[in-house]
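Novice: First the structure, then my questions, so here it is.
The values are calculated or read from the model by the stated rules, or taken from the named source; none is laboratory data. Note that this is a predicted model, so its numbers are computed, not measured. Note: ideal-geometry Cβ built from the backbone for every residue, glycine included; neighbour counts use all protein chains shown. With ligands, DNA and RNA removed, areas are computed over all heavy atoms of the protein, side chains included. Shrake-Rupley method; radii C 1.70, N 1.55, O 1.52, S 1.80 Å.
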Amino acid sequence: MTEAPAPVLPAAAFQRRLLEWFDDHGRHDLPWQQARTPYRVWVSEIMLQQTQVTTVIPYFERFMARFPDVAALAEAEQDEVLHLWTGLGYYARGRNLHKAARAIVAEHGGELPVEVEALAALPGIGRSTAGAIVAQSSGERAVILDGNVKRSLSRLHAVAGWPGRLAVERRLWALAEHYTPHERLPDYTQAMMDLGATLCRRGTPECRRCPFADVCVAHARGEERRFPESKPKKALPTRVTRMLLLRDGQGRVLLEQRPASGLWGGLWSLPQFDDEAALQAWLDVHAPASRLEAPRPAFTHVFSHFRLEITPQPARIERLDAVGEARRWYDPESPDAIGLAAPVKALLSELRTFSLSAPPGP
DNA sequence: CAAGCGTGGAT
DNA sequence: TATCCAAGCTT
């Protein structure tokens, strides 16, 4: 049984060092730091979950231009929200953001609540995100513990064990709680994230510039890279699928909406089948007049938890009526504002340059 | 508590 | 090229 780590500094000294560093070296011009409203902070925090700042910025700008406030987001169709989320990944974030906006209109009079409890009750907002929203947009005291803070605090105190384990996470929350001030909450919160993102990085920490180098236990041992401990790894399983590229006489492609949850939930995708037989059986029922072409070469798409081996299966049909509710014809030349799975989007953009009936190269 | 969820950056 | 994993949350 490991002892709970003692703080390396009194809270006041820690805050003083951190904020002094932040004033000179922190980030002060991120898009969501301008016109800092609870709504803008909320959207940014959701987009930033498991996603790097440079990736988020263009998505954030487009999202804000289209949905400047909670009301605009609540009134939108989910399809349009997912359209703006296309390529960002973890689409449950977009679905939950949209759901939460409607809940805020229905239950909070259209104003984002700025208390941790009320925020964490909304879909997609957990303990750390709720803390970040409160601290940054209201200035009230709230504690965060995101990946940056976990990394910095585990190194500073050489906290052993993977932070995914409850006991380890509890220690880190206790340390975060200890250091959090009652003043300058937006700056302190941003400073903790900046420290982890710009100095106390995963692979190449810059301890020479760190305001805590002299008290950092991991640094004293020369073992910065060993903290935080990484998640126990498992082999990636491979799943196999066929994607039907059914085109009609006008060059439009048949899309299918994915189930509301799970992989690419709510997004539009090419119809997928486990094998050729299942695909053929579907065609026999829904598009008996179609002509199957030679499959295009398979490619592998790697996800966090599995590999997906995709074989694109081109087919043609003159016309197909009654596509039903969860299907639509889609013209790659004039795309609709709908959410498209990234590999599907890539395949469809290929259609614009290559002929399906004469695939290029060996 | 483990599994599930995406994409792109860094090494 | 392969691997790890980033401002986590939900089931």
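Novice: Can you send over the solvent-accessible area of A:S230, 1.4 Å probe, protein chains only, in Å² to the nearest 10?
Specialist: Surface open to solvent at A:S230 totals about 100 Å².
Novice: Give me the percent of DSSP beta bridges within chain A that run antiparallel, rounded to the nearest 5.
Specialist: Here the share of antiparallel DSSP bridges comes out near 60 percent.
Novice: Which one of A:L175, A:G126, A:Y91 is farthest out on the positive end of the charge dipole of chain A, using unit charges on Cβ (Lys, Arg +1; Asp, Glu -1) and the Cα centre as origin?
Specialist: A:L175
Novice: Also, I was wondering about something else. Sort A:D331, A:D69 by accessible area with a 1.4 Å probe, largest first.
Specialist: From most exposed to least exposed: A:D69, A:D331.
Novice: Hey, which lysines would be in cross-link range of A:K150, C-alpha to C-alpha under 19 Å, not counting anything within fewer than 8 residues on its own chain?
Specialist: A:K150 reaches A:K231.
Novice: Along the charge dipole of the range A:226-269, pointing to its positive end and built from +1/-1 on Cβ of Lys, Arg, Asp and Glu, which listed residue (A:Q250, A:L267, A:V240) has its Cα farthest out?
Specialist: Of the listed residues, the answer is A:V240.
Novice: Hey, what do the phi angles of the range A:340-349 turn into as Karplus ³J(HN,Hα) couplings, whole Hz, using 6.51/-1.76/1.60 and θ = phi - 60°, x for Gly and Pro?
Specialist: In residue order, the calculated couplings are 10, 4, 4, x, 5, 4, 5, 4, 5, 6 Hz.
Novice: Taking a ≥ b ≥ c as the square roots of the eigenvalues of the Cα gyration tensor of the range A:11-226, is the shape rounded (a/c under 1.5), prolate (a/b larger than b/c) or oblate?
Specialist: In terms of gyration-tensor shape, prolate.
Novice: How do A:R208, A:R40 stack up against each other in accessible area, from largest to smallest, with a 1.4 angstrom probe?
Specialist: A:R208, A:R40
Novice: Counting Lys and Arg as +1 and Asp and Glu as -1, each charge on the Cβ, what is the dipole of chain A about the Cα centre in debye, to the nearest 20?
Specialist: 1160 debye
Novice: While we're here: List every residue whose amide H lies under 5 Å from the amide H of A:A158, counting only residues 5 or more places away in sequence or on a different chain, with H placed 1.01 Å from N in the peptide plane.
Specialist: A:V217, A:A218
Novice: If you wrap a convex hull around the alpha carbons of the range A:238-351, what volume per residue comes out, as a whole number of Å³?
Specialist: 106 Å³
Novice: Probe 1.4 Å, all protein chains in place: accessible area of A:E206 in Å², nearest 10?
Specialist: Answer for A:E206: close to 60 Å² accessible.
Novice: Note down the accessible area of A:C200, probe 1.4 Å, to the nearest 10 Å².
Specialist: Its accessible surface works out to 20 Å², give or take rounding.
Novice: Also: Where is the GNM fluctuation largest for chain A (alpha-carbon springs, 10 angstrom cutoff): A:L340, A:L292, A:L119?
Specialist: In this elastic network of chain A, the residue with the biggest mean-square fluctuation among A:L340, A:L292, A:L119 is A:L292.
Novice: Projecting each Cα onto the charge dipole of chain A (Lys/Arg +1, Asp/Glu -1 at the beta carbon, about the Cα centre), which of A:H301, A:A135, A:C200 comes out farthest on the positive side?
Specialist: Checking the options against the dipole of chain A, the answer is A:C200.
Novice: Can I ask one more? Let me check something: with ligands and nucleic acids excluded, how do A:Y59, A:Y179 order by accessible area (1.4 Å probe), largest to smallest?
Specialist: A:Y59, A:Y179
Novice: Tell me whether the range A:93-145 comes out rounded, prolate or oblate; compute the Cα gyration tensor, take square roots of the eigenvalues as a ≥ b ≥ c, and use a/c under 1.5 as the rounded threshold.
Specialist: Note, shape of the range A:93-145 comes out oblate.
Novice: For the range A:237-257 and the range A:142-191, write down the distance between their C-alpha centroids in whole Å.
Specialist: Answer, in whole Å: 46.
Novice: Where Rh is the Kirkwood radius over the Cα pairs of chain A, the temperature 10 °C and the viscosity 1.306 mPa s, what D in µm²/s does Stokes-Einstein return?
Specialist: 68 µm²/s
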